[in-house]
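As structure tokens, the structure follows; a few thoughts come after it.
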Amino acid sequence: MADKRKYVIPGDVITSGPFRPEQNVVLEGNNIISTSVGISEIYEDSVKVIPLTGKYIPKINDLVIGKVISHTSLSWELDVNSCYVGFLPAQDVFGRDFSTHADELSSKLKTGDLVAARIANFDRTRDPLITISDRDLGKIDDGILVKISPSKVPRLIGKKGSMIQMIEMGTNAAITIGQNGWVVISCETEEGLSKAKKAVEMVNEKAHIANLTDLIKEMLDGKDES
């Protein structure tokens, strides 16, 4: 059988033969062809494409924020807002002399924990390998998670970091931006936290507006209405 999951674009032939075309695919002659950008899935006798709109496509070295969804004795699996699951090996956390018997994975990271990580390796044919072994990476202990579209991340950062610096300075919040569209905001005051969250959400909703910087500056300078 053909590879079960692969990255496809419109016009790609996913497979041929006696399969039933389902979502985002068409049958042309004997070939099943993708009609959208996404991940193709062949399951039993059917073929579909899960569209990637609004989802994050991993790139090596990207900083991402992930949420632990499960673990085996050798690794954790993280939701990174993608069609792919982030794969964090236990060795990355416990060190080279990691032993599956002595070291309990949930003592370090539990289901639901948020983690700042980097994409260490990815080639579209399998789930991305992630690492938390660099400085400033690892479990996120406090803050709230705000989800935005991955395509709006450059706007949130701004030219040379201008937008995010303005939001942080205007609220005294610390903001960690994952390239996957997940943003963690922490702040010592409720008002600062609320304004920073509002600013991040404004960027997500109004990224197309030319005077967005001015709108956000006005909101930050004003008294919090909520």
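Numbers below:
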{"quantity": "Cβ-based exposure ranking for V146, V203, V85, in which fewest neighbours within 10 Å come first", "calculated": "V85, V146, V203"}
{"quantity": "Using a Förster distance of 35 Å, the FRET efficiency for K217-D113 (Cβ separation, nearest 0.05)", "calculated": "0.50"}
{"quantity": "Total charge dipole magnitude, segment 22-146, about the Cα centre, Cβ charges on Lys, Arg, Asp, Glu only, Debye to nearest 20", "calculated": "280 debye"}
{"quantity": "Mean separation of Cα contacts under 8 Å, 6 or more apart, over the residue count of segment 23-134: relative contact order %", "calculated": "23 percent"}
{"quantity": "Nearest 10 degrees, 0 to 90: helix 190-206 Cα axis against the chain principal axis", "calculated": "50 degrees"}
{"quantity": "Dipole magnitude of the chain about its Cα centre (Cβ charges: Lys, Arg +1; Asp, Glu -1), debye to nearest 20", "calculated": "520 debye"}
{"quantity": "Cα centroid separation, segment 55-78 to segment 94-141 (Å)", "calculated": "8 Å"}
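Every number here is computed from the coordinates shown, using simple stated rules; none is lab data. Nothing here was measured: the structure is a model prediction, and the numbers come from that model. Methodologically, a virtual Cβ is constructed for each residue, glycine included, from the backbone with ideal geometry; neighbour enumeration extends over all protein chains shown.
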